[in-house]
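Notes follow the structure.
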Amino acid sequence: MANLDPELAAVADLFQLKGDVESIEPYGDGHINVTYLAITTERRYILQKMNTNVFPDTKGLMRNIELVTAFLRERGQETLDIVPTKDGGTYAAHDSGAWRVYDFIENTTSYSLVPNADVFRESGRAFGEFQRTLAEFDASQLTEPIAHFHDTPHRFADFKAALAEDKLGRAATCQPEIDFFLKHENQYATVTDGLADGSIPLRVTHNDTKLNNILMDAETGKARAIIDLDTIMPGSMLYDFGDSIRFGASTALEDEKDLDKVHFSTEYFRAYAEGFVGAVRASVTPREGELFAFAGNLMTMECGMRFLADYLAGDIYFATKYAEHNLVRARTQIKLVQEMEAKAGEIQAIVADVLEGGAR
Ligand code: ADP
Ligand code: GN1
Ligand code: MG
């Protein structure tokens, strides 16, 4: 085919695709896998080069996704459909790396920025429902794809190690940002302590609940499918709540350079809380209820220190487009946390109202 990259064409040829491949182009803006849209004469597919640096156990990871998607499908939920390789596998080991294919979920939209409160409320409802459905899933079947994924004290130790090494001499360019994360150390064990003392139950969680990991129906606006199932593992409900808030309750993109545009929206916070809490209300423990107001701070600090640690380590984890990309991302996270801190009283009041069943 004209203009088809020969390597991509060879990889696509390993899978049971319907029709002849016409084009394969980069797609989406995930930070971990390399994603392509492959179009054949009959249909569209997502072709992904999996990040084996981040997820070394490819087999275990794909087994998790097979189990979870089968479970969701049995319950009538739309989910990722793995397209098998020609020899029946869930992924292909090629010279260039490990690859997988999913059916493209058609007629949907994935957002990088919340367009209005209703979309965010709907995503909250869907992530809440997702977690409620997975409450019946037997977590002992899952392998843990990344150890200590949302263990914030562990992430902080990694951050301090990257700082101590300061491989590229970048620490001198981001001292205020470094200080921000050092000063907040006493907050990092809030959820891990709760998991350890049992006041926060361990559940099966998605762990990467960014708005662009949910696909909304292009016509009705209803959530259709939750995607990016790589990090499903036991965790806290507060991780899924907080990570959505981190990304979606911002008025700007995660990598906005102009911090004057980056604000924490209490309107969006309320909308998401209404959606999420509405779906999980029956199982929320008192400690979880107390911590909804802080979960966004924690997940935003954690992600911010991960971005800054990666900047210090030389951009080895997250995909970056320019040298300061991770630093720019860390700065938006800090700005959001500062605003969450300034609005803490208002956020608490919203949570109290939503837990009581209030909605506007
Ligand atoms: P990453 O782990 O790098 O974030 P994702 O699995 O989230 O990779 O995929 C990146 C993007 O590709 C998503 O944000 C979404 O826009 C799009 N995408 C992924 N899978 C599908 C699918 N099955 N159908 C439609 N779009 C998809
Ligand atoms: C990564 O895969 P993606 O782009 O949806 C990361 C998340 C971060 C997020 C920050 C496996 O998510 O933990 O919160 O970037 N995923 C992994 O945008 O590390
Ligand atoms: Mg993603």
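Which shape class, rounded, prolate or oblate, goes with the stretch 305-360 when its Cα gyration tensor gives a ≥ b ≥ c as root eigenvalues, a/c under 1.5 marks rounded, and past that a/b bigger than b/c marks prolate? Cα axes put the stretch 305-360 in the prolate bin. The lysine pair count for the chain, using Cα distances under 23 Å and pairs eight or more places apart or on different chains, is 27. For helix 325-342, what angle does its Cα long axis make with the longest principal axis of the chain, in degrees from 0 to 90 and rounded to 10? Result, in degrees: 40. Counting neighbouring beta carbons within 10 Å and listing from fewest to most, the residues 283, 244 come out as 283, 244.
The stretch between residue 22 and residue 173, if pulled fully straight at 0.36 nm per residue, gains 49.8 nm over its current Cα-Cα span. How far, in degrees from 0 to 90, does helix 344-355 lean away from the longest principal axis of the Cα atoms of the chain, to the nearest 10? Here the helix axis deviates by roughly 70 degrees.
Label positions at residue 218 and residue 3, each projected 7 Å from the Cα along the C-beta direction, are separated by 2.0 nm.
Calculation over all alpha carbon pairs of the stretch 38-155 in 5 angstrom steps from 0 returns a P(r) of 2, 9, 14, 18, 20, 20, 12, 5, 1, 0, 0 percent. Direction-averaged projected area, Cα convex hull, the chain: 18.5 nm², rounded to one decimal.
For the stretch 8-49, trypsin sites (Lys or Arg not before Pro) are listed when DSSP marks them as loop and at most 11 other Cβ atoms sit within 10 Å of their Cβ; the list is 18. The simple spin-label model puts a point 7 Å past each Cα toward its Cβ; for residue 95 and residue 284 those points are separated by 5.5 nm.
Taking the longest Cα principal axis of the chain as reference, the axis of helix 266-280 is set at about 70 degrees.
Values quoted throughout were computed directly from the atomic coordinates according to the rules given, and no laboratory measurement underlies them. None of the values given here were measured: they were computed from a predicted structure. So basically every Cβ, Gly included, is an ideal-geometry build from the backbone, and we count neighbours across all protein chains shown.
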